[in-house]
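The values are calculated or read from the model by the stated rules, or taken from the named source; none is laboratory data. Worth saying up front: this structure is predicted, and the values here are computed from it rather than measured. Positions of Cβ are generated from backbone atoms using ideal geometry, with glycine treated the same way; all protein chains shown enter the neighbour counts. Remember, those area values only see protein heavy atoms, side chains included, never the ligands or the DNA or RNA. Shrake-Rupley method; radii C 1.70, N 1.55, O 1.52, S 1.80 Å.
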Amino acid sequence: MRIILLGAPGSGKGTQAALFSQKLNVPHVATGNIFRDEISRKTDLGLQVESFVKSGRLVPDATVLEMVMRRLERPDCVDGFLLDGFPRTIDQARRLGDFLIKKDWKINRVFCLDINTEVLVTRLSERRQCSSCQVVYNLVTKPPRQSGACDHCGNKLIQRSDDEPNTVRKRLMVYQDLTSPLVAFYRATESFVMIQADRGVDEVTDQIAGHLNGVHQ
Ligand code: AMP
């Protein structure tokens, strides 16, 4: 099963992607998580992308594409994958399309998580993420069992530096300008599904699951 999750920052892509990656047993390829991991390990790629990620700007297409294509060539992606945070520009979507044709692969579903901006700003200010395994929490709707610690690995929860109000505003503008045109790009395909994402996690999960029933892989 090959799935793309589109949606603004805070729309719940990461939460749903983690759930469906487990349910469907396919890797969760989240470009933001990969970049944050490279930044924390101070690798060459991490140093190259750090200023973009921290300021809420998009990493240049060439860098993202090289990293994602390398990831999708790994053996665990042969039977499927779930893309979270990629593609984010029309150019990335076109290059992904060329790559899929070369592989004779097709995307089964493109889910767009639709949500209004007011809800996003609140959600992002309440979001916390594990500094180690990157599991996402919300202080109101999905708090950790023990304050400040990850339920899964016990490591410290942090607020992402790009979840601070000024950077959130920048990221929402970038989404509007560069990523939202992808909705029109994919809407024309039969795999496209709009999801009402201003609901609780379980309800969003049910909507997505309903559109995966009977999908031929
Ligand atoms: P995310 O965790 O998906 O919100 O991504 C965090 C940050 O990583 C973004 O604000 C960008 O700086 C960078 N990033 C992640 N995915 C992409 C992408 N597909 N294209 C460009 N930059 C990206």
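Overview of values
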read-out	value
Pairs, first in contact (Cβ under 8 Å) with a residue 24 or more places away in the chain and surrounded by fewer than 18 Cβ atoms within 10 Å (Cβ to Cβ) in the range 193-215, second aromatic (Phe, Trp, Tyr) and in a helix (DSSP H, G or I), C-beta under 6 Å, six or more apart	none
Residue within the range 109-130 that is farther than 30 Å from residue 199 by Cα and free of Cβ contacts under 8 Å to residues at least 60 places away in the same chain present	no
Residue list for the range 105-125, restricted to those being in a helix (DSSP H, G or I) and open to solvent by 20 Å² or more (accessible area, probe 1.4 Å)	117, 118, 119, 121, 122, 123, 125
